[in-house]
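The values are calculated or read from the model by the stated rules, or taken from the named source; none is laboratory data. Keep in mind that what you see is a predicted model, and the values were worked out from it rather than measured. Neighbour counts are summed over all protein chains in view; Cβ atoms, including those assigned to glycine, are modelled from backbone coordinates with ideal geometry. Heavy atoms of the whole protein, side chains included, go into the accessibility calculation; ligands, DNA and RNA do not. Shrake-Rupley method; radii C 1.70, N 1.55, O 1.52, S 1.80 Å.
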Amino acid sequence: MSDSLRISISGMMCAGCVATVENALTAVPGVSEASVSFADHSATVSGDVAPEAVIQAVTDAGYQAALMTGLDDGSEQQAQQQQEYRDLLRKSLIAAAAGVPLMLAGWFGWLPDLNQPGARPLWLAIAALVAAVMYAAGRQYYAGAWKNFKRHNANMDTLIALGTGAAWIYSLLVVLFPHIVPGFSRHAYFEAAVLILAFINFGSALEIKVRGKTSQAIKRLIGLQPKTARVLRDGAETDVPIEDVGLDETIRVRPGEKIPVDGEIIDGEGVVDESMLTGEPIPASRRQGDTVVAGTINQSGSFLFRSTRIGRDTTLARIVEMVRDAQSSKPPMQRLVDRIAAVFVPAVLIIAVVTALIWFNFGPVPKFSFMLVTAMTVLVIACPCALGLATPISIMAGVGKAAELGALIRNGEAMQKAARLDTIVFDKTGTLTQGRPSLRKIHDMSNAEYADGRLLSIAASLEVGSEHPLAAAIVQAAKGQGVEPGPVEEFQTIPGQGVSAKIDGVSVALGNARLLASLGVDVTPVQDVLADIASSGAIPILLAVDGRVAAVLELADAIREESAATVKALHDDGVKVVMLTGDNDATAAAVADKLAIDEVIANVLPGEKANKIKQLQQDGAVVGMVGDGINDAPALAQSDVGFAIGTGTDIAIESADIALMGSSPKAVVSAIGISRATQRNIWQNLAGAFLYNIIGIPVAAGALYPFFGVLLNPMLAGAAMAASSLTVVTNANRLRWYKPPVEVA
């Protein structure tokens, strides 16, 4: 039993097949929802149902199916596609080998006239040969058409079977009973029947080849995971298959090796390249206590780590599943197209019948030939393959490219919404800024009474035991400058104000102005310095030594280097940028001025952020909210598209419409950019597919004949049908070369 199954489906030839398979799956007892993707020939089935029942339902519908497991290397599906590609090429060559000589023989008059005495045996031999070739090259279409007929369905197989079958049956009747049609109508279309199959098979083969490139993102992600892990067991290091790694195992990673599973470093350190998962180009230093993620590469150093997540629970596996789900999801636009495609084939059948009746009743002589050619051409040219591929193939390519750029788009609907965003709201802390304060400057107010580093040493001595972020920033700055904290006596913490103690018998204190005032220290001489620091958006911390202000430490949550370029790129794209923060007006304004942000909403409590988003939406804005996925959860949910950013990878994956795997806001630009590019690509594909049918069907029906005496050859119709699908897939593949704006690359 399974709550969610992924099924690989072989044999789907057009968008009409999607509806057939979905109907078959939803009819299975226990299935609550089924979604079929024509782009990657897969289905996602939800509900309490056995895999065998699902596979049997697909098989009964006339297709082949196999269960897709979790994080594998994709070799089985790739091998299946390669085999299908080779089979279609072989069938195309078989059909061409028979059809091209027949066509040339007809052109150059090498075949006897049907009316010629003694010609019948040769033509019957040709009919038998063509029938054998049609079976060898097109039996999948005829079998599919028959199965659909028994289920009262119609799809591309139906159109091909009717078109080529009609050509062969008409030709055979003309050979056997030439007098049933006027002499000028006695023409065989054997070559058309097999050449149509040659073109369609060749086009389908190319489509598989090009479509395979669209799913490269999944293959690259899967390829990140190594096959083995070096596990420390019983005091010895042993290479074991990745499937055999358990929880709480101790694993060694050496320079240049991929990290096999998620875990926490327990000894050693390394420099880890996380770019394939986060989009961040700069390797990150990782040491004891830090987490590491499966699929990332240890560039230098060696360490031991304890496995905390394995198999399908690793971050990499969950990313793969998220990308797969997104690629196979259906935005509202695709659901509309599916409904159109479901009635398209029956409509084409009606058009073909009407076309035949018009030519039979009102057409010129030879009526039978014109009737057959036009009806057959309508059936062949009108396949809705391109229509069915237009949206999902673009979604596949766009979601895959977004993943490469560090943006995990949860589904096609989120991508469709992201393309329409006109306002982006950023949380400040941890999004536009680093999220942790750092010591920017020490203002020496002691008239150089203390040697270099002494003031920082005193401050670090007071804060070394504290876990407060400001204290950690001071201690970190001291370490960075090689300044060692010293011992303190009579240490005392004053909540909300700071700390005091004695160092070498001298009273010292570190905190805000209220602390120093309570200790009788005059802060009047530093009021101007305090005002300047506050206006710049930084935090002033006062250090008093022996009853006097000795220094003012200026701490600030540094703005990320790429934040300004991110805001500029959004402005260039016509997007309004708003900053939503709980900080005071002065701090928020200082950051907004440096980044040229359009609007600032400050002094907002976490619970009020969602209301602020709602107000923007009520003013007509389509709003994207960028936050850390924890404190901003209500606002992320309220927004039209929620972007979860930061190092909280687990939360980001689970909580947002779009998860930004790195800590940089630049991926927002990439996500919006690829969403818009994908939306444009979908419209191009749909426009091309609809235009192809709007123009192709009337031309196939003979609309140009009364004006120009032109009829479309059925063989050319088959080539055009194959070319239309190939064009859509090729256009979607252009998304693989999308590049985000240079300013934030």
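Put Tyr705, Tyr135, Tyr85 in order of accessible area, highest first, and with a 1.4 Å probe you get Tyr135, Tyr705, Tyr85.
Taking the 0 to 90 degree range and rounding to the nearest ten, how far is the long axis of helix 367-381 tilted relative to the main principal axis of the chain, both from C-alpha atoms? Around 20 degrees separate the two axes.
First compute the accessible area of the range 246-342 with a 1.4 Å probe, then give the percent of it belonging to carbon and sulfur atoms. Walk me through the numbers before you get to the answer.
Values: 2030 of 4050 Å².
Reported share for carbon and sulfur atoms: 50 percent.
Counting only protein heavy atoms and a probe of 1.4 Å, the accessible surface of the range 80-197 is 69% carbon and sulfur.
With the simple model of a label 7 Å out from the Cα in the direction of the Cβ, Ala531 to Glu257 spans 6.1 nm.
With a 1.4 Å probe and all protein chains left in place, how much accessible area per residue does the range 109-166 have, in Å²? Kindly include the intermediate steps, with their values, before the conclusion.
Details: 2990 Å² over 58 residues.
Result: 51 Å² per residue.
Among the listed pairs Lys428/Lys568; Lys330/Lys417; Lys147/Lys330; Lys594/Lys666; Lys576/Lys614; Lys227/Lys258, those whose Cα-Cα separation exceeds 20 Å are Lys147/Lys330. Taking Cα atoms only, the orientation of helix 585-595 departs from the longest principal axis of the chain by about 50 degrees.
Here's how it looks for Val622: its modeled amide H is under 5 Å from those of Asp422, Thr423, which are all 5 or more places away or on a different chain. Using only alpha carbons, the range 390-504 has a radius of gyration to Kirkwood radius ratio (Rg to Rh) of 1.30.
Helices in the chain, meaning DSSP H runs of at least 4 residues, each add -39500 (n - 2.57). Divided by all residues, the mean residue ellipticity at 222 nm is -16500 deg cm²/dmol.
I'd like the carbon and sulfur percentage of the solvent accessible area for the range 559-710, probe radius 1.4 Å, heavy atoms only, ligands and nucleic acids excluded.
Values: 3470 of 6200 Å².
Reported share for carbon and sulfur atoms: 56 percent.
Compared with the dominant Cα axis of the chain, that is its longest principal axis, helix 666-701 is turned about 10°.
What is the ratio of the Cα radius of gyration of the range 228-311 to 2.2 N^0.38 Å, where N is its residue count, to two decimals?
Details: Rg = 11.7 Å, N = 84, 2.2 N^0.38 = 11.8 Å.
Normalised Cα radius of gyration, the range 228-311: 0.99.
Surface listing: His468, His571, His41, His443 arranged by accessible area from highest to lowest gives His468, His571, His443, His41, probe 1.4 Å. Between Glu490 and Leu104, the modelled labels are 10.9 nm apart [label points 7 Å from Cα along Cα→Cβ]. Peptides 423-432, 248-257, 484-493 ranked from most to least packed give 423-432, 248-257, 484-493, packing being the mean of other C-beta atoms within 10 angstrom over each peptide's residues. Rolling a 1.4 Å probe across the protein heavy atoms gives the range 444-601 an accessible surface of 49 Å² per residue. Taken over the chain, the percentage of Cα pairs per 10 Å bin, counting from 0 up to the bin with the maximum distance, is 3, 12, 17, 18, 16, 12, 8, 6, 4, 2, 1, 1, 0. Entry comment: accessible area of the range 650-739 is 40 Å² per residue, from protein heavy atoms only and a probe of 1.4 Å. Relative contact order for the chain: 14 percent, from Cα pairs under 8 Å spaced at least 6 residues apart, divided by residue count.
The packing ranking, built from the mean of other Cβ atoms within 10 Å per residue, places the peptides 553-562, 514-523, 412-421 in the order 412-421, 553-562, 514-523, highest first.
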